[in-house]
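See structure below.
What follows is calculated from the coordinates using simple rules that are stated; it is not laboratory data. For clarity, every value in this text was computed on a predicted model and none was experimentally measured. Here Cβ is always computed from backbone atoms with ideal geometry, including for glycine, and neighbour counts include all displayed protein chains.
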Amino acid sequence: MSGRVLVAGAINTDLVATVHRAPEAGETITGRSFAIHSGGKGANQAVAVARSRASAVMLGGVGRDDFGSARKADLAADQIDTSWIATIDYASSGVALITVESSGENRIAYIPGATAKVSPDHCADTLNAIEPSLILSTNELSPECHRVLFTWARGRDVRVIFNAAPYSDDVVELLPLIDVLIVNEGEASALQGGAPDGMSPQELAAGLRSIGATDVVITLGAGGSFAVSDDEPLTVPGYRVDVVDTTGAGDTFCGALASRMLEGATLPEAVRYANAAGALATTRSGAQPSIPGREEIEKLMEQGKKLPWGSPQGGHGLRRKGRDSNPREV
Ligand code: ADP
């Protein structure tokens with residue numbers, strides 16, 4: 001194994017209240033239970049990189065508060081280098097206030113806090129100090145930070161893997177700076193201004209390449225994934241697993257893929273590995289607790305049974321997104 005992966009993105013705390021129904025304006029209701037979960041797509045992906053035994057450095061921001069300290073401790077417990085997480089004095093750590101109703105409906109108020117305040121200068125300092133071999137980024141830091149990260153990589157032949165989630169319009173202009181773009185079907189469509197319903201993953205990927213993307217990976221939930229690079233297009237079926245909670249499957253997929261690419265795996269090899277990692281993440285509840293390690297992933301690759309390839313909805317229609325697709329700002 002050579003070098004380190006710099007993982008750029010949000011480090012959040014999810015505060016989850018389970019309630020019979022959500023309160024109306026001005027109303028107080030008594031809920032059923034409360035839980036605190038480590039989150040942020042960036043942090044989840046860093047954990048996935050580390051559990052696949054690659055060396056990860058986290059780039060992000062927290063406030064000077066208990067949540068920030070606790071999230072840094074979580075990452076450090078997974079052997080992730082936290083020394084480039086900026087502590088921002090005038091912002092809170094990223095927090096998602098989530099109510100989950102008996103019906104299963106979620107309501108989320110997301111405060112990016114320190115994540116939105118990470119400066120392009122801090123990104124440049126981190127790059128120059130760490131000199132990563134690979135950059136894995138979500139779409140959670142500012143567009144200015146992304147431009148610094150990706151431009152630095154381009155000048156040095158360092159590969160950039162970008163998970164364009166949560167989706168925002170400014171991603172399109174970054175596409176030429178990205179080596180591997182990872183999106184789900186909803187994000188693939190949004191990047192093209194809302195592709196018509198029923199487009200196949202192949203058509204979505206071709207559309208993304210026509211607006212500047214190079215290698216494209218589209219995740220398809222239980223349907224597996226589709227990848228296209230300069231070589232052959234690749235269809236990878238999902239694994240048949242007992243699904244408990246799909247939260248964090250996409251983040252696990254991205255981190256696992258990056259860990260293999262750091263070792264020099266080809267895109268098809270990395271996508272096959274990531275597909276097994278994503279499937280395992282659905283078999284346990286929560287985001288970070290459900291992220292599998294390398295042995296478990298390799299075992300599923302050897303022994304697992306496959307599902308039919310393609311969108312689980314059939315017809316490749318757009319899927320409703322779960323709560324790990326938090327909007328950048330509310
Ligand atoms: P996101 O949460 O970002 O929309 P997906 O739902 O597409 O991401 O899931 C990412 C990956 O996790 C998929 O490409 C697949 O490999 C795996 N995965 C997700 N859901 C399932 C499932 N129900 N069964 C098997 N694998 C799954």
Next item on the list: Kindly indicate whether residue 185 is of a type outside the set (A, V, I, L, M, F, W, C), within 16 Å of the ligand (Cβ to nearest atom) and farther than 19 Å from residue 135 by Cβ.
Entry: yes
Next item on the list: Sort through 164, 91, 96 and tell me the only one that's of a type outside the set (S, T, N, Q) and away from the ligand (no atom under 16 Å from the Cβ).
Entry: 91
Notebook entry, point to check: With 63, 94, 42 as the choices, which residue is under 23 Å from residue 297 (Cα atoms) and buried (at least 16 other Cβ atoms within 10 Å of the Cβ)?
Noted result: 42
Checklist line | Per-region count, region 191-228, residues surrounded by 17 or more Cβ atoms within 10 Å (Cβ to Cβ), of a type in the set (S, T, N, Q) and within 30 Å of residue 283 (Cα to Cα) | finding: 2
Next item on the list: Filter region 218-238 for residues that are farther than 19 Å from residue 192 by Cβ, among the hydrophobic types (A, V, I, L, M, F, W, C) and near the ligand (Cβ under 10 Å from one of its atoms) and give the result.
Entry: 222, 236
Next item on the list: Hey, can you tell me all the residues within region 239-250 that are near the ligand (Cβ under 7 Å from one of its atoms) and within 14 Å of the chain's Cα centre (by Cα)?
Entry: 246, 249, 250
Note to self: residue 205 - would you say it is of a type in the set (Gly, Ala, Ser), closer than 28 Å to residue 6 by Cβ, more than 8 Å from the ligand (Cβ to nearest atom) and touching a Leu at 6+ places or on another chain (Cβ under 6 Å)?
What the structure shows: no
Item checked: Candidates 257, 262, filtered to the one that is touching a residue at least 24 places away in the same chain (Cβ under 8 Å), within 20 Å of the chain's Cα centre (by Cα) and over 22 Å from residue 303 (Cα atoms) -> 262
Check: Does residue 25 meet the test of being out of contact with any Ser or Thr (no Cβ under 8 Å at 6 or more places or on another chain), buried (at least 24 other Cβ atoms within 10 Å of the Cβ) and among the hydrophobic types (A, V, I, L, M, F, W, C)?
Finding: no
